[in-house]
Amino acid sequence: MLRYPCLVLDHDDTTVNSTATVHYPAFVEYMKIHHPEIHLSLEEYFLGNFHPGVVALFTDICGMTIDEMHDEERFWNAYVKAHVPKAYPGIRELMEEQKRRGGKLCVVSHSYTDNIRRDYRENNLPEPDMIFGWESPPEQRKPNPWPLEQIMQTLRLKPEELLVVDDLKPGYDMCQAAGVPFAAAGWANDIPEIETFMRANCGTYCKTVKDLYNYLFD
C-alpha cells in the first residue's frame, strides 16, 4: 500500500541539480552583459528564490523592470535549452518504485514543461502523469494552489492522498493553501536559513533522496 497515491515533485533542485549547474550560471552571464553592477553569490541566489521568490528576486532585489525580467527570461530559456542538468542519484529509483506500486507522479515547477520533459528524457526518468510549468499564467503558478486543485480533480484524489516534494517556500505555501501534505527536499544545498525554516514548518524534512525513499516506502 502506498503512503501517498500521488507524488507531486518540484523539478529544479528536487529532481535535477539545476540551480548550481544551469540557472545560476545563466543568471551570472546575463548580469555580466546587462547589469554588471549586480553581483549575487550562489547562496544569495538560492535564498532569493526561496524567499521572496524568483519574480521578486529580479524586480525587488536586483531592481530590474518587468521588461528587463522578460528579456532575462528569454536569455535564461535559451541557456537552459543548451544545458541539461543531471538528476539526483536515487531519484529515478524513487520514481520507478512509486509507479511500480501503482502510484501517480506529477510535476509542479517554475521551469517550462518542454524543458522538464527534456530533462526527464535525458535522465531516463519515468513519464509524469501531469506537468504544470512556467508557461501557465502567473495566477496558475505556485504558490497558487491551482495546479494541486487540477491534479486532485483530474485524478480524483483527496488532499491527504498527495505529497508535494519541493525545496523552496513557494511549494510549501502552495500546500498550505491547498491543505496538501508537504515534504521538504533538503539535498540541493546546505544553507542554514532554508533548512531552519523547512525543519520548523514542514511536516517532513528529507536531507537526502534516500530519506525520502525510506519515508515513502519503508
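Just so it is clear, none of the values below were taken in a lab; they were calculated from the coordinates. Predicted model, so just to flag it, every value in this text is computed and none were measured. Reconstructed Cβ throughout: ideal geometry from the backbone, glycine too, with neighbour counts over all protein chains shown.
Have a look at His34, Asn49, Asn77 and report the one farthest towards the positive end of the charge dipole of the range 19-81, computed about the Cα centre with Cβ charges (Lys/Arg +1, Asp/Glu -1).
Towards the positive end, the residue furthest out is Asn77.
Nearest 10 degrees is fine. How inclined is helix 169-178 to the longest principal axis of the chain, computing both from alpha carbons?
Orientation of helix 169-178: about 50 degrees from the principal axis.
What whole number of Å gives the distance from the Cα centroid of the range 33-88 to the Cα centroid of the range 145-218?
23 Å
How would the range 146-218 be classified by its alpha-carbon gyration tensor: rounded, prolate or oblate, with rounded meaning a/c under 1.5 and the a/b versus b/c comparison settling the rest?
On the way: a/c = 2.51, a/b = 1.53, b/c = 1.64.
The shape class here is oblate.
Work out how much length Glu97 to Asn124 would gain on full extension: take 0.36 nm times their residue separation and subtract the Cα-Cα distance, in nm to one decimal.
Details: separation 27, 0.36 × 27 = 9.72 nm, distance 1.42 nm.
That works out to 8.3 nm of additional length.
Could you run the Karplus curve 6.51 cos²θ - 1.76 cosθ + 1.60 with θ = phi - 60° over the range 39-48 and give me ³J(HN,Hα) per residue in whole Hz, x for Gly and Pro?
Result, rounded to whole Hz: 10, 10, 6, 4, 5, 5, 5, 4, 5, x.
So how strong a dipole does the chain carry about its Cα centre when Lys and Arg Cβ are +1 and Asp and Glu Cβ are -1, to the nearest 20 debye?
920 debye
Once both labels are modelled 7 Å past Cα along the beta-carbon direction, what's the Glu29-Met69 spacing in nm?
2.3 nm
At Ala82 and Leu155, where each label point lies 7 Å from the Cα along Cα→Cβ, what is the point-to-point distance in nanometres?
3.6 nm
Using a Gaussian network model of the chain whose springs link C-alpha atoms within less than 10 Å, name the residue from Pro192, Pro126, Pro159 with the highest mean-square fluctuation.
Its mean-square fluctuation being the largest, the pick is Pro192.
Given R₀ = 22 Å, what would the calculated FRET efficiency be for His39 paired with Ile191, taking r from the Cβ atoms and rounding to 0.05?
On the way: r = 18 Å, r/R0 = 0.81.
Approximately 0.75, to the nearest 0.05.
Please tell me the relative contact order of the range 43-145 in percent, rounded to the nearest whole number, where contacts are Cα pairs under 8 Å and at least six residues apart. Let's see the in-between values first.
Working: 71 pairs, mean separation 21.7, N = 103.
After rounding, I find 21 percent.
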